[in-house]
Each structure stands twice: as C-alpha cells, then as structure tokens.
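Participant: Quick one: the structure is below, and I'll ask about it shortly.
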Amino acid sequence: MTVLRDKVAIVTGASSGIGRAAAKLFAAEGAKVVVGARRQQELDLLVTEIAKGGGSAVALSGHVQREQYAKDLVELAVGEFGGLDVAFNNAGILGELGSVCDLSVAGWHDTLEVNLTGAFLGAKHQIAAMVNRGGGSVIFNSSFVGYTAGLPEMAAYAASKAGLIGLTQVLAVEFGPQNIRVNAVLPGGTDTEMGRAAADTPDSRAFVENLHALKRMASPEEIAGSVLHLASDASSFITGAAILVDGGVSICRM
C-alpha cells in the first residue's frame, strides 16, 4: 500500500539533492506532487521521470523568498490536484561563508531570506490551504548546524537553520488544534551539490565523513525516507519536533 495515496504535496528545492529525492519518493508512494525550484529545465526533467514511473507531478519555477511564488505553488496544487496535504519546505542555500567579522550584510540577508523567510512564506500559504483540507503536514529542512553543533564560518547558515526550529515549534502549537502537524528534519552531511560544495576536496570530504558515527555521509534518498515518515500518517502524533537524521554526527566525539 502506498502511504501517500490520494495526498497532494509541494516540494521546494526539488531540482536536485534531498528535494529531488523526496519528490520522487512522494510520487512513488502515491502523492500528486507540485515541484518547485529556480531551474525550470531540471524541474521538467524531474516531472518526466516521475511520469515514467507512473506518478503525477507538475512543476513551477521561481524564488522561494518571493511571496507571490509561495502563493502560486499553493494555487497550482489546489487548481491541478484539488487541495494540499503535505509540504516539504526544503529549498535552501549554503550562503556566504566566512568569519562574522568579514561576513557581508548582503550575504547574511540573502541566506536568511532563502532559508528562513522562504520557508515562512511557504508555510504561511500552505497552512491556509491545509486548514481548508481539514489537516496536513508541514516539514522544514533544518540542520544539525546551529542546533547540536557550531561550525566555523557558517554563522548565517546556522542562524537560518536554527530559526526554522523556532518556527516549527510555534506553528505546531498554533495550528495543532486544526490538525496541522509541523516538524523539521535535521540532516547530517549529505551527498548533494551543497554537501559537496562544503566538502570539496578528498581531505575535507574524509574529515566530514569522520565526524559522523556512521563514518560516511548520507545519500539524499536516506534523508527523504525520514521526510516521508513525517509526511505520512505513520507520524500522526509527531509535531513540533526537530528530528535528527544525522548519522550520529551530533553525538560522535571520535
């Protein structure tokens, strides 16, 4: 039995990495999926791939930090598929790296606008549609960075991802009575474009892998599996949670 049968889902940042893996998994599990990202060509390829697998998806490119795009994604889900049940606000950037003393104000704002404001705008319009549907599940992609660990030169990224956890908790309390669940996944190092950018040499990759108890990085599909759990009714009593999916990086001291 497909666990998301008859569900409608939005996935942002779906052109690659965790978002792409989640969109494919959602579709394989029966959901009708609206996929969003900045790159239309990659989204179109994803939609074609989902269709070839027997799934159903539509794509809309745009920038998550623009409120109209958040509205347009929800309107597409409602207009094309009749409603909205699940949203995975995954879009994010690594942003400008460097010492706080050298970090530009523009770099700080860019990172927070995409990672935090983009997720807020998505949830703002997604939740309104879910209330009309009688309930739903909102999931944010946060990070162990800024939660269980601080890494040098990642102040803007850490602040944006930590902010998502606070947003998760408030929304879970605010909309729990309307059967809206809100949770965050906190991945460890993951083999994505962003993950490879952060560990871009064999030595830095080995260093990142060794930080984890499992001594490796995750595949995008492994993170997507945990997102699927939060999207499905199997997690019906989980809300307001910051769930570590980090290969033990938060507890490893070896």
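The values are calculated or read from the model by the stated rules, or taken from the named source; none is laboratory data. If you're wondering where the values come from, they're calculated on a predicted model, not measured in any experiment. Please note: Cβ atoms are built from the backbone with ideal geometry, for glycine as well, and neighbour counts cover all protein chains shown.
Participant: I need every pair where a residue in segment 49-61 that is surrounded by 12 or more Cβ atoms within 10 Å (Cβ to Cβ) has its Cβ under 7 Å from the Cβ of a residue that is assigned to a loop (DSSP other than H, G, I, E, B), sequence separation at least 6 or different chains.
Facilitator: Partner pairs satisfying both residue conditions: S61/R38; S61/R39.
Participant: Residues to consider are V58, V78, V11, V74; find the one that is in contact with a Gly (Cβ under 6 Å, 6 or more places away or on another chain) and aliphatic (A, V, I, L, M). It would help to see each step written out before you state the result.
Facilitator: On the way: V58 fails: in contact with a Gly (Cβ under 6 Å, 6 or more places away or on another chain); V78 fails: in contact with a Gly (Cβ under 6 Å, 6 or more places away or on another chain); V74 fails: in contact with a Gly (Cβ under 6 Å, 6 or more places away or on another chain).
When all the criteria are applied, what remains is V11.
Participant: I'm checking my understanding of the structure. Among residues of segment 76-90 that are free of Cβ contacts under 8 Å to residues at least 60 places away in the same chain and exposed (fewer than 15 other Cβ atoms within 10 Å of the Cβ), which one is farthest from V35 (Cα to Cα)?
Facilitator: Per the criteria, the residue is G79.
Participant: If you go through segment 169-202, how many residues are among the charged types (D, E, K, R), touching a Gly at 6+ places or on another chain (Cβ under 7 Å) and closer than 16 Å to K124 by Cα? Explain how you work it out, then say what you get.
Facilitator: Within segment 169-202, the first condition is being among the charged types (D, E, K, R), and the residues that meet it are 174, 181, 191, 193, 196, 200.
Then drop every residue that is not touching a Gly at 6+ places or on another chain (Cβ under 7 Å), which leaves 193.
Adding the requirement that they be closer than 16 Å to K124 by Cα leaves none.
Selection size over segment 169-202: 0.
Participant: Check off (1) surrounded by fewer than 18 Cβ atoms within 10 Å (Cβ to Cβ); (2) farther than 21 Å from G107 by Cβ; (3) at pLDDT below 95 for L214 and give me the number that stays unchecked.
Facilitator: (3)
Participant: Counting just the residues of segment 149-208 that are acidic (D, E) and in a helix (DSSP H, G or I), which one comes out modelled with the lowest pLDDT?
Facilitator: Of segment 149-208, the ones acidic (D, E) are 153, 174, 191, 193, 200, 203.
Those left that are additionally in a helix (DSSP H, G or I): 174, 193, 203.
Details: E174: 98, E193: 82, D203: 88.
Selected residue: E193.
For (1) of a type in the set (D, E, K, R); (2) at positive phi; (3) touching a Cys at 6+ places or on another chain (Cβ under 6 Å), each residue gets a yes or a no:
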| residue | (1), (2), (3) |
| --- | --- |
| A106 | no, no, no |
| G122 | no, no, no |
| M130 | no, no, no |
| G135 | no, yes, no |
| E153 | yes, yes, no |
| A159 | no, no, no |
| R181 | yes, no, no |
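Participant: Looking at segment 130-146 only, could you name the residues that are of a type in the set (G, A, S), outside any strand (DSSP E or B) and crowded, with 21+ Cβ neighbours inside 10 Å? Can you show your working first?
Facilitator: Residues of segment 130-146 that are of a type in the set (G, A, S), as a first pass: 134-137, 142-143, 146.
In the following step, the residues that additionally are outside any strand (DSSP E or B) were identified as 134-135, 142-143, 146.
Result: S142, S143, G146.
Participant: Checking the structure you have, find out if any residue of segment 234-253 is within 13 Å of the chain's Cα centre (by Cα) and closer than 20 Å to A23 by Cα. Lay out the reasoning, then the answer.
Facilitator: If we filter segment 234-253 for residues that are within 13 Å of the chain's Cα centre (by Cα), which is where we start, we get 242-243, 245.
Next cut, closer than 20 Å to A23 by Cα only: 243, 245.
Within segment 234-253, one or more residues are within 13 Å of the chain's Cα centre (by Cα) and closer than 20 Å to A23 by Cα.
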